[in-house]
Every structure is written in structure tokens, then in C-alpha cells.
Amino acid sequence: MTLLVIAMNDGSELYKRPTMTDLVIETHDGSALHNSNTLGVVDIEIVGLNTVVRGTPNSIIPWALEGFVGLGEGFHDLQSDLSGDGAVFQYRSDQVRLLLTIEKLLHLLSRNLSAEDYFALLEKHGSFFEIHDDFYDYETGQALQPL
């Protein structure tokens, strides 16, 4: 078993729990938003104002469902792909880069987007794994496997 530990820059522990997978949360100086790292097929990154979270669906989704502990603030000067609101986070996979509020990010990760949001992402970014037809009805936009 692996132990997930999220530590602050001063070394103090913010969060600790047992996990079977790896999840890495790092601080950055703001440059990570423009990082062009190639991600593997199952890799996910979530970039906040001063943090980058790296993992796979097996580590990212449970962490998100537990409240995004350690993620920090979003980018206030960028707008969400869905709502136009600020305080967004960049979601990156091997197929797509999205700017989403924390609420919409949770809906994406839990496969529970509204039909309106599903169609908006499909129109703006085309089809990608997180919204493919195993998870959403392509005619109605209904979530088929919400967590």
C-alpha cells in the first residue's frame, strides 16, 4: 500500500491517507499553465494558480470526490470553457485541455456533466475520452455512468 501525503512548502503535512495509486501535488511559480508536457494515455494533470496535480483516473477521481484537498486557488484572470466564470483550473489529458471551475471539474471527473455542458464541451473541443459515448448519450447528453 502507498501512503498519499500532501505537504506544504515548509514540510508540514496538509493531508495524509492510504492509497493504492500514486497522486502527486506540486507547487509551481505560475508557469505550469503553459507547460506542453506530453501526457501518457491515462495521465491527468490539473493545474491551479500555484499547484499542479498529476495522476491517473484511479488516483485523481477519488481525490476529487474527497474535495480536491491541496489544490489551492484557480486562475482568476482566465474564463471557464463552460460558464465564462473566473477562478478556473486547467484540466489536461492526452486528448484535451479544458479550463473549468471547481464545480464543473468535479462534474467532469465524476462523469456527471449536465446535457448542456456535455454539448458545449463537444462543440468546443470535439469528442474526447472523458465525454465519449460510454459515459454520455451522444443524442441527449445524458450522463450514463455518473459516480
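Entry note, the range 78-147: relative contact order of 26 percent, from Cα contacts under 8 Å with a spacing of 6+ residues.
Taking amide hydrogens as placed 1.01 Å from N in the peptide plane, the amide H of Tyr136 sits under 5 Å from those of Leu144, each at least 5 positions away in sequence or on another chain. If you average 1/r over all unlike Cα pairs in the range 94-147 and invert the result, what Kirkwood radius do you get in angstrom? Over the range 94-147, the inverse of the mean reciprocal pair distance is 10.9 Å.
In the range 48-147, carbon and sulfur make up what percent of the accessible area (probe 1.4 Å)? Spell out each step's value before the answer.
Working: 2300 of 4800 Å².
Carbon-and-sulfur percentage of accessible area, whole number: 48.
Here the spin labels are modelled as points 7 Å beyond Cα on the Cα-Cβ line, and at Val24 and Leu78 they lie 2.0 nm apart.
The values are calculated or read from the model by the stated rules, or taken from the named source; none is laboratory data. Since the model is a prediction, treat every value here as computed from it, not as a measurement. With ideal geometry, Cβ positions are generated from the backbone for all residues, glycine too; neighbour counts draw on all protein chains shown. Surface accessibility is based on the protein's heavy atoms, side chains included, excluding ligands, DNA and RNA. Shrake-Rupley method; radii C 1.70, N 1.55, O 1.52, S 1.80 Å.
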